[in-house]
Amino acid sequence: QVQLVESGGGLVQAGGSLRLSCAASESIFSFNVMAWYRQGPGKQRELVARRTIGTTDYADSVKGRFTISRDNAKNTIYLQMNSLKPEDTGIYYCNALRSYIEYWGPGTQVTVSS
């Protein structure tokens, strides 16, 4: 069973930055897709950023502010979040896809104050 664990969430003032980490139990190079989702209060879970072997995609609401990256040696993916806004508040989830199976981490809370 693949295990994903997020970290790096917390409270930050609007305009500030956070870097989220997602540590996987095995090589992230083996996954077809690595992604970050989030769920704000009273909202549905939404895709924030996704990285495949050939493409990197971002939600329009975070484009230009967030960056997804990998460190294969550490089996970790990151989400660098800059210029944070209160509407970025929510639980952020790490997601991985391999062999048509999706895996999820338990999430990490991000709160942005105005």
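Laboratory data are not the source of any read-out in this text; all were calculated from the coordinates shown. Predicted model only: the values in this text are computed from it and were never measured. No Cβ is skipped: glycine too gets one built from the backbone with ideal geometry, and neighbour counts run over all protein chains shown.
Name the residues whose placed amide hydrogens come within less than 5 Å of the amide hydrogen of V48, ignoring near sequence neighbours (fewer than 5 apart) on the same chain.
W36, Y37, R38
Compute the relative contact order of the chain as a whole-number percentage, counting only Cα pairs closer than 8 Å that sit 6 or more residues apart in sequence.
Computed value for the chain: 37 percent relative contact order.
Please work out how much length the chain gains when fully extended from S83 to S7, using 0.36 nm per residue of separation minus the C-alpha to C-alpha distance, in nm with one decimal.
Working it through step by step, the gained length comes to 25.4 nm.
For K63, list the lysines whose Cα falls under 25 Å from its own Cα; do not include residues on the same chain fewer than 8 positions away.
List returned: K43, K85.
Rounded to whole Hz and in sequence order, give me ³J(HN,Hα) for the stretch 80-86 from the Karplus expression 6.51 cos²θ - 1.76 cosθ + 1.60, θ = phi - 60°, writing x for Gly and Pro.
Per-residue couplings from phi come out as 7, 10, 10, 6, 5, 10, x Hz.
How would the chain be classified by its alpha-carbon gyration tensor: rounded, prolate or oblate, with rounded meaning a/c under 1.5 and the a/b versus b/c comparison settling the rest?
Verdict is prolate for the chain.
Around I91, what is the net charge, scoring Lys/Arg as +1 and Asp/Glu as -1 over all other residues with Cβ under 12 Å from its Cβ?
Counting the neighbours of I91, the net charge comes to 0.
Would you mind telling me the antiparallel percentage of the DSSP bridges in the chain, rounded to 5?
Here the antiparallel bridges make up roughly 90 percent for the chain.
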